[in-house]
Structure formats: C-alpha cells, structure tokens
Amino acid sequence: MKSRILLTGKNGQVGAELAALLPRLGEVTSFDRHELDLSNPGHIRRAIRSVRPTMIVNAAAYTSVDQAEREEKQARIINVDAPALMAEEAKRIGAVLVHYSTDYVFDGSRNLPYDETDQPNPINVYGKTKLAGEEAIRAVGLPHLIFRTAWVYGTKGRNFLLTILRLATEREELRVVSDQFGAPTWSREIAKATAMVLVQLSQQGQDAISKFSGLYHLTAAGKTSWFDFAQSILERASRTPRGLAWFVAATGSKRLIVRRITPISTEEYPTQARRPAFSVLSNRRLKQMFGLELPDWREQLDSAFADQQA
Ligand SMILES: NC(=O)c1ccc[n+]([C@@H]2O[C@H](COP(=O)([O-])OP(=O)(O)OC[C@H]3O[C@@H](n4cnc5c(N)ncnc54)[C@H](OP(=O)(O)O)[C@@H]3O)[C@@H](O)[C@H]2O)c1
C-alpha cells in the first residue's frame, strides 16, 4: 500500500526539500503556515482528519532562536503543544509521526559528540521548547521518529550561509564567532536521509516501525566553528566564476567587498539567547539502525554550491 503523507512547513528549509522528495514515497499533501497554522489546534485536527495520512512529517517549527527568548509562549505553542496534538491525532488513526529536533537541547559543556542517551540540558528557550516537544511526543506513546539535526542551511530562507553571503557584499570585515562548534547540515541531506529511512521502513513491512521508533541524531559528519564555516562559504563563493554566479543570485549584488574575516569569541558577540559552545552530535545510532551516514559538512557545502550552479 502506498503511503499517504501529510507534510507541514512546506516552505521551510527542510520542508521545501521534503516537499520535492517525498512524492517518490507516496501521495503527499503539504501545507504552509497559512493552510495549516500550528498555533491553531482546530487547523491541526481538521488537516489530519481530512487527509487521514499513514504518516505525518512535521517540518514546521518555531526556529527563531533569539526571538524565542521574548516569545516563549508562542514558541511553546508551536514546538510543544502542536507536536503533542499531532501525536495524539496520529495515534488515533494509526499514523507514524516524523518530527525534527535540535542540537540545542544540549548545554555544550563537553567536547565529545553527544549521543541520544546523553542528558539534555538546554540553555535557551528555543532548546527548552524543542526538548519539551520531543518529550510530549514520547508521552503520547505512538510510533515515531524524532531526528535531531543542527546548524541547518539551504539555498532559501534565513540561514548562516545566506547571511554570510549578504554581509560579504556589505562589509569589508566580517567578525565571526570561533568558539562555538557544530556540524553545518544542508537541508537537502536531511530530507534525503529522512526519505531513505522511510523507504527502509516501508520495505520492512508493517511492524518495522515498532522496532525503529525513537530518537536519532542526524547531522553532517565532522565538526567546525562558525568562523571556519564562514571562511569555507566565502572560499567557495569566490573560487569560481560559477560560485560567484550563485552568490550574485543569492544576494542580488555583483560585488564581494569583504577583505577580512576575523575570529571573535562568543563574549564579543552578545545575543539574546545563549548558545551551546559544543553541540556536535554522534550519528552512530542512525548508522547502526539504518546503515546511514551523512557526508562530511565540507562535502555537503560543495554539493550545495554545485547544485546551485547546475
Ligand atoms: N534551522 C536550524 O539551524 C535548525 C537546527 C536544528 C534543528 N532544526 C529543526 O529542524 C526543523 C526544520 O527547521 P528549518 O531549518 O527547516 O526551519 P525553517 O526554515 O525556519 O522552517 C520552519 C517552517 O515552519 C513554519 N512555521 C513557523 N510557524 C508556523 C506555524 N505557526 N504554523 C505552521 N507553520 C509554521 C515556517 O513558516 P514560514 O515559512 O511561513 O515562516 C517555516 O516554513 C525544525 O524542527 C527545527 O527546529 C533547525
């Protein structure tokens, strides 16, 4: 039987990639914020009851990390109450829930990759709401997959890659934090890995989900700092005429005026939300259970540039 998939957040970084890929797996009904507003329980119930999906993929979330410090109530509604209700509705109709969470559930006080058994201890409101969302889904007790990912970028939307490209047209010097470490992950790779997991589940039959249900870390391999990531982005943007072509397409500007990137400390770049200093996630469980390993972050960045120029 073909899957009937309900996708939320179809215009987000991960959601847009899923909207392009998931139709290979089944019949997809995807929603943007206006069609299905996660802060409206009526919308959630109505959408799920009318589509009657076999699978719900929730790519929508409240993702503004700094703004969440001022809008905790709204962040909780979208990141906790909405997934909890989706889980209840999914359980009622026997659907599987696929959901995304974050490396920011950890406090970053260590320097070894975190695995799924490590104790979360979020240090900002966004991380707290995402962790509470995970817990709410587990509490409903339905078959689910929660993928914790990190440092997501894509070719659209709001993300570090596009911000660096824009700033490189506006400033001669960029000052970038060099003492926070993580794994920049391309939204396309997250969607691809999600689809590969879902294909494996469907090949293994009806009961497979009970064996595989749970929490998985899903990020690029390797680790870097925001500073190194910024340097890598600008190297790729300026290295080839085609790299520059994308840069022009992404920023609308023809001139790269940046001359210097200076490493700075977190203390020198105060933000409303605190961020973990180290949030590299071990993907060992994903490999053990599904034989999946995402490419290194540098390779993913190369692919994102190559894809943009194709
Ligand atoms: N971005 C990161 O660096 C990062 C890191 C770790 C984990 N994650 C997790 O990965 C998942 C995907 O994130 P992403 O990077 O794709 O985020 P994104 O680009 O910010 O997309 C989030 C989507 O959610 C939608 N949304 C927000 N509020 C909504 C509401 N009330 N009702 C319905 N839709 C709503 C947004 O709609 P609009 O398009 O209308 O704004 C947007 O399309 C999320 O669970 C996020 O927490 C992200």
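Filtering region 259-284 to residues that are open to solvent by less than 30 Å² (accessible area, probe 1.4 Å), in contact with a Lys or Arg (Cβ under 7 Å, 6 or more places away or on another chain) and within 16 Å of Phe227 (Cβ to Cβ) leaves Ile264, Phe278, Val280. Arg175 passes every criterion in (1) away from the ligand (no atom under 14 Å from the Cβ); (2) within 16 Å of Met289 (Cα to Cα) apart from (2).
Does Glu116 count as under 15 Å from Gly9 (Cβ atoms), part of a loop (DSSP other than H, G, I, E, B) and open to solvent by 30 Å² or more (accessible area, probe 1.4 Å)? No; evaluated as a whole, the condition is false for this residue.
Please enumerate the residues belonging to region 163-197 that are open to solvent by less than 20 Å² (accessible area, probe 1.4 Å) and in a strand (DSSP E or B). Within region 163-197, Leu174, Val176, Val177, Gly182, Thr185, Trp186 qualify. I'd like the full set of residues that are away from the ligand (no atom under 14 Å from the Cβ), under 25 Å from Val199 (Cβ atoms) and open to solvent by 20 Å² or more (accessible area, probe 1.4 Å), limited to region 30-61. If the condition is that a residue be away from the ligand (no atom under 14 Å from the Cβ), under 25 Å from Val199 (Cβ atoms) and open to solvent by 20 Å² or more (accessible area, probe 1.4 Å), then Val51, Arg52, Thr54, Met55 are the ones that fit.
The condition (being surrounded by 24 or more Cβ atoms within 10 Å (Cβ to Cβ), touching a residue at least 12 places away in the same chain (Cβ under 8 Å) and within 11 Å of the ligand (Cβ to nearest atom)) is satisfied by just one residue among Val65, Val14: Val14.
Taken over region 128-168, the criterion of being more than 11 Å from the ligand (Cβ to nearest atom) and in contact with an Asp or Glu (Cβ under 9 Å, 6 or more places away or on another chain) is satisfied by Lys128, Ala136, Val140, Leu142, Thr155.
The listed residues are Ser232, Ser210, Ser202, and the only one of them that is surrounded by fewer than 16 Cβ atoms within 10 Å (Cβ to Cβ) and either at pLDDT below 95 or not aromatic (Phe, Trp, Tyr) (or both) turns out to be Ser210.
On the basis of being more than 12 Å from the ligand (Cβ to nearest atom), in contact with a helix residue (DSSP H, G or I) (Cβ under 9 Å, 6 or more places away or on another chain), closer than 26 Å to Lys287 by Cβ and not in a helix (DSSP H, G or I), does Leu97 make the cut? So Leu97 passes the test. For region 131-152, a tally of residues being within 15 Å of Ser225 (Cβ to Cβ) and open to solvent by less than 10 Å² (accessible area, probe 1.4 Å) returns 1. If you go through region 68-93 and keep only what is more than 15 Å from the ligand (Cβ to nearest atom), open to solvent by 50 Å² or more (accessible area, probe 1.4 Å) and in contact (Cβ under 8 Å) with a residue 24 or more places away in the chain, you end up with Glu69, Arg70, Glu88, Lys91.
Being free of Cβ contacts under 8 Å to residues at least 12 places away in the same chain and more than 10 Å from the ligand (Cβ to nearest atom) is the requirement here; does Gly26 meet it? It is false that Gly26 is free of Cβ contacts under 8 Å to residues at least 12 places away in the same chain and more than 10 Å from the ligand (Cβ to nearest atom). Number of residues in region 252-305 that are assigned to a loop (DSSP other than H, G, I, E, B) and not aromatic (Phe, Trp, Tyr) equals 26. In the condition set (1) surrounded by fewer than 24 Cβ atoms within 10 Å (Cβ to Cβ); (2) under 30 Å from Phe181 (Cβ atoms); (3) within 15 Å of the ligand (Cβ to nearest atom); (4) within 19 Å of the chain's Cα centre (by Cα), Asp107 is compliant with all but (3). On the stretch given as region 119-162, residues that are assigned to a loop (DSSP other than H, G, I, E, B) and closer than 19 Å to Val98 by Cα total 4.
One residue stands out in region 1-11 among those that are modelled with pLDDT of 95 or more and not polar (S, T, N, Q): the one that is farthest from the ligand (Cβ to nearest atom), namely Arg4.
The values are calculated or read from the model by the stated rules, or taken from the named source; none is laboratory data. Keep in mind it's a predicted model, so treat the numbers as computed, not measured. Methodologically, a virtual Cβ is constructed for each residue, glycine included, from the backbone with ideal geometry; neighbour enumeration extends over all protein chains shown. Side chains included, ligands, DNA and RNA excluded: accessible areas come from the protein's heavy atoms. Shrake-Rupley method; radii C 1.70, N 1.55, O 1.52, S 1.80 Å.
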